[in-house]
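See below for the structure under consideration.
What follows draws every value from the coordinates through simple rules; no lab data is involved. Quantities reported herein were computed from a predicted structural model and do not represent experimental measurements. For neighbour counting, all protein chains shown are included, and Cβ atoms are generated from backbone atoms with ideal geometry for every residue, glycine included.
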Amino acid sequence: MSLRAYFHAAAVLVGSSVCLAAYAEPVATVRPAATAGLYECQASSGGVFRSTPREGCAVQAAPDPSPPDPQRWLPLMGANGVISYFDKTSVRRRGPEVGVAVMRNAPAGVIRTTSGEPIRSSLKRMVFNCATSMYAVVEQTLYAKRYARGESLYTISAPRAGMPQPASAGTVPGELLSRLCP
């Protein structure tokens, strides 16, 4: 990958993270999720995308007919309605560190590459440190199809195992930390 392509991919990652964060609501609890659609709801801060219907929400996309295999992927949904899927087969342990893969679908049409291609999902490789209750995203691959299917658009690797951050309670990383670290 050329240096320009690397910076382009990094810019897309930052843009998609900022865009998703703009639509996030505080996460009160993480709970198992069912197959969900995409709904746009009005909030005081503007439009909010959710995967569960509420009064006053407009349907943007029907529920996906083909969610990932429930024997492999554990769906987790925060109070904001964004569903992440934890790959139960991806768990790798080395001392106090646990490596996993987490997949998340993006709202349709919201996130695009600079060339206009839609980003519909991402697959993150994360490392949790059970001793410090921190985690880091070490790699993220972006896809044009939901559920991280098809050809990948970009893969962005974090330098030196990513920037560690606390796995706060009530978040998907916090829930995974509590499940993975005894």
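Which whole-number percent gives the relative contact order of the range 85-154, counting Cα pairs below 8 Å spaced six or more residues apart? Spell out each step's value before the answer.
Values: 151 pairs, mean separation 18.2, N = 70.
Reported relative contact order: 26 percent.
Once R0 is set to 30 Å, what does the formula 1/(1 + (r/R0)^6) return for the Cβ-Cβ distance between residue 131 and residue 155, expressed as a FRET efficiency to the nearest 0.05?
0.60
Give, as a single signed number, the net charge of other residues whose beta carbon lies under 12 Å from the beta carbon of residue 126, with Lys and Arg counted +1 and Asp and Glu -1.
Every neighbour counted, the sum reads +1.
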